[in-house]
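Student: Take this structure first; my questions come after.
Laboratory data are not the source of any read-out in this text; all were calculated from the coordinates shown. Computed from a predicted structure; not experimentally measured. We place every Cβ from the backbone using ideal geometry, glycine too, and count neighbours over all the protein chains shown.
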Amino acid sequence: MASLRAIARRGGRRALTAIPAPPAFVPLQARRLHDQVNHGTLPHTGLPLTPKLEFFNSVASGPIPTFRVLDGEGRVLEGAEEPEIDRELARRLYENMNLLPALDNLLYNVQRQGKISFYMTSYGEEASIIGSAAALDNADEVLGQYREMGVLLWRGYTLDSVMAQCLGNQEDIATKGRQMPVHFGSPTHHFMTISSPLATQIPQAAGVGYALRRMRKPQIAVCYFGEGAASEGDFHAGLLLASTVPSPTLYFARNNGFAISTPAAEQYHGDGIASRGPGYGIDTIRVDGNDVLAVYVAVKEARRRCLEQGRAVLVEAMTYRVGHHSTSDDSFAYRSRAEVEDRKKIDNPHIRLRLYLQSKGWWTAEEEEELKSRLKKEVLTAFKRAEKLKRFPLETMFGDIYAGEEPWNIKEQKEELARLLKKYGNTWEPWKNELQKFENNGKEFTEKS
Ligand SMILES: Cc1ncc(C[n+]2csc(CCOP(=O)(O)OP(=O)(O)O)c2C)c(N)n1
Ligand SMILES: [Mg+2]
């Protein structure tokens, strides 16, 4: 029987792989070892041989360094190359980084008032999210985890759309009020709908990237995930798939230090997420996620490599989750307030960029004040408008599940709801109030004979 290698040589594989494979990846430690003692190679594999009994792992050989451009005070590091970012782009980065907390402040609070069911903030991760979004092509297909609303905002997703999704009103065209808040999706913005089960997007992104390559599109797939999600089996399945198929997918790990209450240190014994990339033969970089310029530069180069090589690239952004995990969490149960306050002071992505802008003469104190109050006003106006809009008719929640004739289980559930609403919908105050929020006030159920 012909070996797989022989089939691949005859072109079975090559027909799918239009882009030439990059040179074989040899882990750094292995290469060093080979240089030290060259005893030839293992037959059939080309692996270097050594008589030394030596084990290695990423912890023992020292951590992977973190790429940084700006220091804590917004100055370009000695030896760093100042990126080609002009005044307009730099200001746009800063404005978008400020839009996130403006939205977070309002939506977090309105959740507390019971006006929306749930919310997740991006506090502390603004540079990672906005810096990466800015380095992508707006048509790159994004598969996010849930904390990447900033990518949509960068692409022009409106405040009205944000409110529509979080409030689940009749303008929530992607999910029609049937998803939890922050589970955004928008085909026009090339942003796949967020799904709650962790890490499902990681293997999916390998497939999306592969499809883009097969269609010969000049776009890549971009997959965001947390360091906690990277503990799921899907992470390994996804990266292996992306590296072997291969697939032009940019994997962006947001290492924000926590997976709800589990600190990152308990999440892995190796050198973070970055150390796993070389194991899959994937070009990898670790970047200071609170340095928007470094994130921008690293992701731009990662994207270029994805396209040029037709292969996956891994970026691990080191940042810190300043906010609670979500509105269902109180992080002071597992970390001190002092730790959070310290991090905000010592390594604040907003301050670092603002100081850089000021040093260039691209930003003033007056502009700072104007921006903050403008964003606050715009966000509040959008919320007030969204609050007045009705939700999709109540029966919408049963739609778009099965094609063709409505199956028995859906019919049964509808009848059950109609029975309950007819009994309590016009009399029990909480249900009566709730029904007023829907188009038709739920009449398709309460008045059903
Ligand atoms: C398969 C699965 N397991 C558990 C959860 C519950 N859960 C939701 S978010 C989360 C933490 C994820 O942490 P990380 O990936 O680091 O992202 P971060 O919240 O820090 O942005 C967990 C455990 C889930 N949604 N899906
Ligand atoms: Mg995390």
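Student: Would you calculate, for the chain, the mean residue ellipticity at 222 nm contributed by helices, counting each DSSP H stretch of 4 or more residues as -39,500 (n - 2.57) and dividing by all residues, to the nearest 500?
Tutor: -13000 deg cm²/dmol
Student: Under 19 Å from a point 7 Å along the Cα-to-Cβ line of ASP86: which residues of region 126-145 have their amide N that close?
Tutor: Taking a point 7 Å out along Cα→Cβ of ASP86, the residues of region 126-145 whose backbone N falls under 19 Å are 134-138.
Student: Using the number of other C-beta atoms within 10 angstrom as an exposure proxy, rank VAL151, VAL76, VAL245, VAL59 with the fewest first.
Tutor: Ascending Cβ contact count within 10 Å gives the list VAL59, VAL76, VAL245, VAL151.
Student: Below 13 angstrom from the Cβ of PRO65, what's the summed charge of the other residues (Lys, Arg +1; Asp, Glu -1)?
Tutor: -1
Student: Helix 233-244: angle to the longest alpha-carbon principal axis of the chain, degrees 0 to 90, nearest 10?
Tutor: Taking the Cα atoms of the chain, the angle to 233-244 is about 50 degrees.
Student: Further question on the same structure: Give me the compactness ratio for region 120-255, meaning the Cα radius of gyration over 2.2 N^0.38 Å.
Tutor: Dividing the Cα radius of gyration by 2.2 N^0.38 Å gives 1.01.
Student: What distance in nm lies between label points placed 7 Å from Cα along the C-beta direction at ARG112 and ASP400?
Tutor: Going by the 7 Å Cα→Cβ label model, 3.2 nm.
Student: Reported to two decimal places, what Rg/Rh ratio describes region 196-315 when computed on Cα atoms with Rh from the Kirkwood expression?
Tutor: Details: Rg = 13.6 Å, Rh = 14.2 Å.
Expressed as Rg/Rh, it is 0.96.
Student: Taking springs between alpha-carbon atoms closer than 10 angstrom, which of LEU49, LEU371, LEU153 fluctuates most in the Gaussian network model of the chain?
Tutor: Evaluated over the chain, the most mobile residue of the options is LEU49.
Student: May I pose another question? Relative to the longest principal Cα axis of the chain, at what angle does helix 349-360 sit, 0 to 90 degrees, rounded to 10?
Tutor: Between helix and principal axis, roughly 70 degrees.
Student: Between HIS183, HIS350, HIS44, which gets the highest mean-square fluctuation from a Gaussian network model of the chain, Cα cutoff 10 Å?
Tutor: HIS44
Student: Something else: Just want the answer: with Cβ charges of +1 for Lys and Arg and -1 for Asp and Glu, which residue in SER195, GLY238, LEU380 is farthest toward the dipole's positive end in the chain?
Tutor: So the residue furthest toward the plus end is GLY238.
Student: A further question on this structure: Pull up the DSSP beta bridges for the chain and report the antiparallel fraction as a percent, rounded to 5.
Tutor: 15 percent
Student: Still on this structure, please answer the following. With N denoting the number of residues in region 402-446, provide Rg(C-alpha) divided by 2.2 N^0.38 Å, to two decimal places.
Tutor: Taking the Cα Rg and dividing by 2.2 N^0.38 Å, one obtains 1.30.
Student: Just the number, please: Stokes-Einstein D of the chain in µm²/s, Kirkwood Rh from C-alpha pairs, 10 °C, 1.306 mPa s. Don't skip to the end; give the middle numbers.
Tutor: Numbers: Rh = 24.5 Å.
Diffusion coefficient, whole number: 65 µm²/s.
Student: Also, quick follow-up: Taking every pair of alpha-carbon atoms in region 371-418, give the share separated by more than 17 Å as a whole percent.
Tutor: 57 percent
Student: How large is Rg/Rh for region 266-374, to two decimals, with Cα atoms and a Kirkwood Rh?
Tutor: Here Rg/Rh amounts to 1.06.
Student: Here is a follow-up. Any idea how far the Cα center of region 174-218 sits from the one of region 127-170, in Å?
Tutor: 12 Å
Student: Return the long-range amide H neighbours of SER275 (sequence gap of 5 or more, or a different chain), with a cut-off of under 5 Å between placed amide H atoms.
Tutor: Close amide H contacts, sequence-distant or interchain: none at all.
Student: Cut-off 10 angstrom, C-alpha nodes, Gaussian network model of the chain. Which of LEU136, LEU89, LEU42 fluctuates the most?
Tutor: LEU42
Student: Compute the FRET efficiency between LEU47 and ALA237 as 1/(1 + (r/R0)^6), taking r as their Cβ-Cβ distance and R0 = 25 Å, and round to the nearest 0.05. The partial results should precede the final answer.
Tutor: Working: r = 25 Å, r/R0 = 1.01.
According to the calculation, E is roughly 0.50.
Student: Fully extended, how many nm does the chain gain between GLN413 and LEU380 (0.36 nm per residue separation, minus their Cα-Cα distance)?
Tutor: Working: separation 33, 0.36 × 33 = 11.88 nm, distance 3.75 nm.
Between GLN413 and LEU380, full extension yields an extra 8.1 nm.
Student: Calculate, in nm to one decimal, what ASN57 and ARG304 gain on full extension: separation in residues at 0.36 nm each, minus their alpha carbon distance.
Tutor: 86.0 nm
Student: Let's test the formula: R0 of 51 Å, r as the Cβ-Cβ distance of LYS390 and GLU78. What FRET efficiency results, to the nearest 0.05?
Tutor: Step by step, r from the Cβ atoms, then E = 0.30.
Student: By how many degrees, 0 to 90 and rounded to 10, does the Cα axis of helix 87-112 deviate from the longest principal axis of the chain?
Tutor: Between the helix axis and the principal axis of the chain, the angle is about 50 degrees.
Student: As an exercise, use a Förster radius of 22 Å and the Cβ-Cβ distance of ALA265 and ASP329 to find the FRET efficiency, rounded to the nearest 0.05.
Tutor: Between ALA265 and ASP329 the formula returns 0.75.
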